[in-house]
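Asker: One structure, as structure tokens, below. Some questions next.
The values are calculated or read from the model by the stated rules, or taken from the named source; none is laboratory data. Since we're looking at a predicted model, the values are computed, not measured. Here the Cβ is made from the backbone with ideal geometry for all residues, glycine too, and neighbour counts use every protein chain on show. SASA here: full protein model, heavy atoms, side chains in, ligands and nucleic acids out. Shrake-Rupley method; radii C 1.70, N 1.55, O 1.52, S 1.80 Å.
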Amino acid sequence: MCGIVSLVYKDETRNMGREAAELLRRLEYRGYDSTGASFIGKDRNIVLVKRVGSPTRVCAELNVPSYKGQRFIGQVRWATYGAVSDVNSQPHHVRCKVEMVGAHNGNISNTDSLQASLSARGHKVVSDNDGEIIVHLVEDHYAANKAAPQKALAEMRRAYAASGLSAPVADEVLLIVDAIRKAEAEADGSYAAAVADPQVPGCFAIKSGSSLYAGLGKDEDGSFVVVSSDLTSVIAKTPMLIPLAEGEGLWYTEDRYLVFSLGGEARFAEPRLKRSKLNVRDTGLNPRYKYYMEQEIASAPDNMDAIERYYFADEREAGLASVLEDNRSVAKELMDKACDLASAANDAALGAAFDELAASSDWRALAAKVNADAAARAPLAGRTSFRSDEAQLLTDLARLRPAAAADLALLDLAMIWRKRRSVTRYARELSDRIRETRKAGGTVYVVASGTSYHASLTAAYFWNGLAGVPLYPCNPGQFRSAYMDSLGDDDLILAISQSGETKDLVDILQDVAETRPRIKRAALVNNENSRIPQELADFYLPILCGPEIAVAATKSFVNQLVIMYILAASYKQPEAAVKASVNRAKGLLADTLRLSAPAIDKVAERLYLKPSIHMLGTGLFGLAREAALKVREVVLNHSEGYDAAEFKHGPNTILGKNTVFSMAEVVKAMDAALAAGTAGTGAGTGAGKSAAELLAADPSIVEGLFSNYPLVFVCPPDARDARITISQIHTHKIRGADIVLFAEKHPELDLAVKGVPSGRDDYRSAYVEIPASGDRYLFVFAATVALQYLAFRMSVLKMEYLDRLGVRDHGVHPDAPKNVSKSITVD
């Protein structure tokens, strides 16, 4: 996945390059194969600079901050179509028929056929990149519209008038809108794009299957509109968002915007601005931490507060909840009006709108009822911060109206009441749907990708043990090949996704909706405004982990596990017992990060240069898979996750002598060393011999390359699991394995790990003791953050090691490793 960004001011500014560089660097987690920036100045000329490399590197090398401009479109690339090269870098500047510049994020799946078609139409396609195809398509249709504008312009004018809009809009703008709609009809795929004609005011953006955000604001250079694949890039400059839905395009200048439909009947709109629920501080790096991955792992205990807030009733707020329930129609209407305050364009409008709400008879009557009830008003006393989804809005109001503290506190708690009411309702509905599915003989499928898939595997562990209910976890590919054609109307599908926009998962849900419309579809998502919960699920539950900046998912995985634990435990247990267990889990997370970190640091020192590792979970296959994925993602070492007992069925052949050190690379390195060492020395024992010949002559050289293979076991506090783990440890350490164990204190496990096999004096072991829970399900949470922290520390150590060696572009980084990317799409 790539990332696009655009910025438009009224006048040319010398600060544009500086702004561009900062916006591009904010997208570095989305792509680092290449970086590009295009600028349009007051002379209406396009200046394009781009090169292979990350935003941090390219912005410095090309001196991007030095450029001036009035309009900017930039892109960071994670290569899919076309090799990593300067010519395949974006943006693309085209001028076959008219001059345009543009960039995209996503994939155009019919690129090959479109490339041939465009060439036949007279276009010179110079790259292999699908982003160039989109720009040429818009160029092609716009050139045709300019040549014969009457029909297209008449249709756009009619649609514009039918939409109830009357503000003047230039013909050229409408002709490009029509061209974008025609280009969209030709392109197959999921993407977002930004394009501009230097002779036409403003820029155009397209949201067609990929995330895209826009905002309007004002800074030292005047009014502006900023557009980006990344929400944090937008809210870093303005809290005021332009609502933009899937399948919509946007024309924008420095102070005006026009939303239009990409397909079907042409529609136009000028939706009211919406204040972001996030503040840029929510996406910043706390000075205590150097990396986002570390910060997000450490935040896991605090993130559980939001889960507890919305998934459980709060006895301290029972009196207030009772009053709100008795007046729920009025209360819900007032909450809707309060949320509408987010559309206020500026502080003055926001303050005035709040004053009107607070002075309304309905609000005063509700506040009076709360104040008349001692139990209801008790939780309002002494509140100094806000916790609802509208916390940022209320914080802004507290700054504007400090005397309204009581009203704002009531608003905050009322908003929490309303969301808690929705979450608990849908949690009960999911439980009821599972009961109905079981009773009817149906199957519960949990479909997810990547880390979310590993959460679904672990969820099956919870549901089997805590609820006695079988779940069938699968990724989209598995689901399509193994289950799609055999679904029944009584089945249930639960989709899990951090972003709510995972393309493979979207396709599955769309196909199920079309072919089996009676099957119920639920979702567990972080981005509540994304496509899966809003369009493709009958209902959804929120993950509530906030924005996740590091590419490797950590806190979202923990929150997914916590919620699936709550749902499974609640199937049979009373709420009070489940809530108590969740509180214990929160304490275990904090204790693990505090108490186990020193031991994990030592293990990381030992493992970070090991080329391959196996993670073995006893009964915890999903957790082992996720631990291995984290190592692969951020350390770039090979790692596999298995059930502990399954390892002996084939994978154990890697123990003992193996060639995971890559013999060919060793030989190549030795050749180079010999060439350097024997140059000009004349005949000698090694003179004129290749490395391969030397290795054959002296086998001890090869023998010195072999070492024990690391196995990392994860064993929950269960007697049977302990027996299995002990057996596996003994089986494998005698065959050349070094053992690391993550487990709670257990004397027999300790002896099994520490015991040195006869004749294997080179055996090494480590026992990372996890704080005691005595509960094999709660153990999962502590082990999760311990293994996440292990991957983080290994990543930092390996990155620093490669940096010291002067290895360029090695791609090891805890926040933005090479070849992987993700989208931050939470608001």
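Asker: Distance between the C-alpha centers of region 696-718 and region 30-63? Whole Å please.
Answerer: If we compute the Cα centre of each part, the gap is 46 Å.
Asker: Nothing charged except the Cβ atoms of Lys and Arg (+1) and of Asp and Glu (-1): what's the magnitude of the dipole of region 410-512 about its Cα centre? Round to the nearest 20 debye.
Answerer: On the way: 12 positive and 12 negative charges, 124 e Å.
For region 410-512, the charge dipole is close to 600 debye.
Asker: Given A692, Q295, Q70, which one lies farthest toward the positive end of the charge dipole of the chain, if we put +1 on the Cβ of every Lys and Arg and -1 on the Cβ of every Asp and Glu?
Answerer: Value computed over the given set: Q295.
Asker: If you don't mind, another one. Which one of I508, M156, A406 is farthest out on the positive end of the charge dipole of the chain, using unit charges on Cβ (Lys, Arg +1; Asp, Glu -1) and the Cα centre as origin?
Answerer: The Cα lying farthest towards the positive end belongs to A406.
Asker: Looking at this model, which pairs from K68/K124; K555/K610; K274/K419; K207/K290; K657/K754 are more than 31 angstrom apart at the alpha-carbon? Please report the intermediate quantities before stating the final value.
Answerer: On the way: K68/K124 29 Å; K555/K610 26 Å; K274/K419 19 Å; K207/K290 34 Å; K657/K754 22 Å.
In this structure, K207/K290 exceed 31 Å between Cα atoms.
Asker: First select every other residue whose beta carbon is under 9 angstrom from the beta carbon of R606; then total the charges, Lys and Arg +1, Asp and Glu -1.
Answerer: Numbers: positive: K602, K610, R764; negative: E605, D738.
Local net charge: +1.
Asker: Looking at the calculated P(r) for region 44-176, what percent of the C-alpha pair distances fall above 20 Å? Each step should come with its number before you reach the end.
Answerer: Values: 4819 of 8778 pairs.
The calculated P(r) of region 44-176 puts 55 percent of pairs beyond 20 Å.
Asker: Dividing the Cα radius of gyration by the Kirkwood radius, what Rg/Rh value follows for region 703-827?
Answerer: On the way: Rg = 18.0 Å, Rh = 17.0 Å.
Dividing the radius of gyration by the Kirkwood radius yields 1.06.
Asker: Give me the net charge of M156's neighbourhood, meaning all other residues with Cβ under 14 Å from the Cβ of M156; Lys, Arg count +1, Asp, Glu -1. All intermediate terms of the calculation are to be shown ahead of the outcome.
Answerer: Working: positive: K146, K151, R157, R158, R181, K182, R267; negative: E155, D171, E172, D178, E265.
Taking every other residue near M156 into account, the sum is +2.
Asker: Compute, for the chain, the length of the dipole vector about the Cα centre, with Cβ point charges of +1 (Lys, Arg) and -1 (Asp, Glu) only. Units Debye, rounded to 20. Spell out each step's value before the answer.
Answerer: Details: 96 positive and 103 negative charges, 156 e Å.
About 740 debye.
Asker: What accessible area per residue comes out for the chain, rounded to a whole number of Å², with a 1.4 Å probe? All intermediate terms of the calculation are to be shown ahead of the outcome.
Answerer: Working: 32850 Å² over 827 residues.
Value for the chain: 40 Å² per residue.
Asker: Could you quote the convex hull projected area for region 375-426, Cα atoms only and averaged over all directions, in nm²? Display every interim value, and only then the final one.
Answerer: Numbers: hull surface 15.0 nm².
With the hull built on Cα positions only, its mean projection is 3.7 nm².
Asker: Semi-axes of the equivalent ellipsoid for region 1-56, please: Cα gyration tensor eigenvalues, times 5, square-rooted, ordered largest first, whole Å.
Answerer: Values: eigenvalues 94, 28, 16 Å².
Largest first, region 1-56 gives 22, 12, 9 Å.
Asker: Rounded to a whole number, what is D in µm²/s for region 255-331 from Stokes-Einstein with the Kirkwood radius over alpha-carbon pairs (37 °C, 0.692 mPa s)? Provide the component values of the computation, followed by the final result.
Answerer: Values: Rh = 17.9 Å.
Approximately 183 µm²/s, per Stokes-Einstein.
Asker: Report, in whole Å, the centroid distance computed from the Cα atoms of region 219-240 and region 384-458.
Answerer: 28
Asker: Apply the Kirkwood formula to the chain: the hydrodynamic radius equals the inverse of the mean of 1/r over all pairs of different alpha-carbon atoms; give it in Å with one decimal.
Answerer: Working: mean 1/r = 0.0340 Å⁻¹.
Taking every pair of different Cα atoms in the chain, averaging 1/r and inverting gives 29.4 Å.
Asker: While we're on this one: Relative contact order for region 132-275: what is it in percent, counting Cα pairs under 8 Å that are at least 6 residues apart? If you can, show how the numbers build up before the last one.
Answerer: Numbers: 247 pairs, mean separation 30.3, N = 144.
Relative contact order comes out at 21 percent.
Asker: Separate question: Rounding to the nearest 20 debye, state how big the charge dipole of region 135-208 is about its Cα centre with +1 on each Lys and Arg Cβ and -1 on each Asp and Glu Cβ. Please list the in-between numbers first.
Answerer: Numbers: 7 positive and 10 negative charges, 56 e Å.
Charge dipole of region 135-208: 280 debye, to the nearest 20.
Asker: With Cβ to Cβ distances under 13 Å as the rule, what net charge do the other residues near M484 carry (K, R +1; D, E -1)?
Answerer: Local net charge: -4.
Asker: Right, here's the next one. Let me check the size of region 484-575 from its C-alpha atoms; what are the radius of gyration and Dmax in Å?
Answerer: Spelled out, the Cα radius of gyration and Dmax of region 484-575 are 14.1, 39 Å.
Asker: Give me the percent relative contact order of the chain, please, defined on Cα pairs under 8 angstrom at least 6 residues apart.
Answerer: Working: 1593 pairs, mean separation 85.1, N = 827.
Result for the chain is 10 percent.
Asker: To continue, here is another question. Once the convex hull of the alpha carbons of region 450-518 is built, what does its volume come to per residue, in cubic angstrom?
Answerer: Spread over its residues, the Cα hull of region 450-518 gives 93 Å³ apiece.
Asker: Still on this structure, please answer the following. What's the whole-number percent of alpha carbon pairs in region 234-288 lying beyond 18 angstrom? Walk me through the numbers before you get to the answer.
Answerer: Numbers: 674 of 1485 pairs.
Of all Cα-Cα distances in region 234-288, 45 percent exceed 18 Å.
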